[in-house]
Amino acid sequence: MISDQEIKKSNLTINFSAQTSVNDLQNQMEGFLSQRIKTGVFGPPEGKKAIIFIDDINLPEIETYGAQPPIELIRQWFDYKGWFNLQSEDKEFIKFDRIQFTGCFGPLRNIMTNRLVRHFSQL
C-alpha cells in the first residue's frame with residue numbers, strides 16, 4: 001500500500017482559447033495519460049496522481065445553442081469520470097482514474113455555466 005506521502009504527482013497545463021475544440025482537449029488529455037492494459041481506463045503511471053491545470057477555462061467560443069463544447073467535456077468527466085471517444089468507430093466510453101482538475105479564469109469574457117462551476121471550490 002502506498003501512503004499519501006509517497007504518491008508522486010504529474011502535471012499537465014492546458015491553455016484554453018476561443019479556438020480550443022473538443023478534439024484538442026481530448027488529444028491533450030489522452031496523450032498525457034497512459035491507457036491501462038485491457039481495461040479501457042486512462043490514468044497517470046502507477047503510483048502517481050495527475051493534476052490538470054486549465055488556464056482561461058472560460059474562453060472557448062460559445063456555439064449557436066449556447067454551449068461551450070470543451071467545458072461540457074470537462075463537466076462530463078466530473079459527472080461520469082470519463083467521456084465517449086468520438087474519434088473511434090465504436091464510440092467507446094473512456095474512463096479516467098486518479099485525476100484532479102484545477103482551473104482559473106480572468107475577467108469574464110464568457111459566463112461559466114453552473115453545471116461546471118458546482119464541481120470546483122472557488123477562491
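Every number here is computed from the coordinates shown, using simple stated rules; none is lab data. Predicted model only: the values in this text are computed from it and were never measured. Here Cβ is always computed from backbone atoms with ideal geometry, including for glycine, and neighbour counts include all displayed protein chains.
I'm checking a number: the convex hull volume of the Cα atoms of the stretch 21-70, normalised per residue, in Å³. What is it? Don't jump to the answer; show the numbers that get you there.
Values: hull volume 4.7 nm³, N = 50.
It is 94 Å³ per residue.
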Those chymotrypsin sites (Phe, Trp or Tyr not before Pro) from the stretch 28-123 that are DSSP loop and have at most 16 other Cβ neighbours within 10 Å turn out to be 65, 105, 120
Whole-Hz couplings from phi, Karplus 6.51/-1.76/1.60, listed for the stretch 64-69; x for Gly and Pro: 3, 9, x, 8, 10, x
Here the gain from full extension of residue 89 to residue 122, 0.36 nm per residue of separation minus their alpha-carbon distance, amounts to 8.0 nm
Value of D in µm² per second that Stokes-Einstein yields for the chain, Kirkwood Rh from Cα pairs, at 25 °C (0.890 mPa s): 159 µm²/s
Do any GluC sites (Glu not before Pro) in the stretch 27-81 lie in a DSSP loop with no more than 15 other beta carbon atoms within 10 Å, and if so, which? 46, 61, 63
Measuring from label point to label point, each 7 Å out along Cα→Cβ, what is the residue 36 to residue 105 span in nm? 3.2 nm
Taking r as the C-beta separation of residue 65 and residue 8 and R0 as 35 Å, the FRET efficiency to the nearest 0.05 is 0.25
Kindly work out what percent of the DSSP beta bridges joining two residues of the chain are antiparallel, to the nearest 5. 25 percent
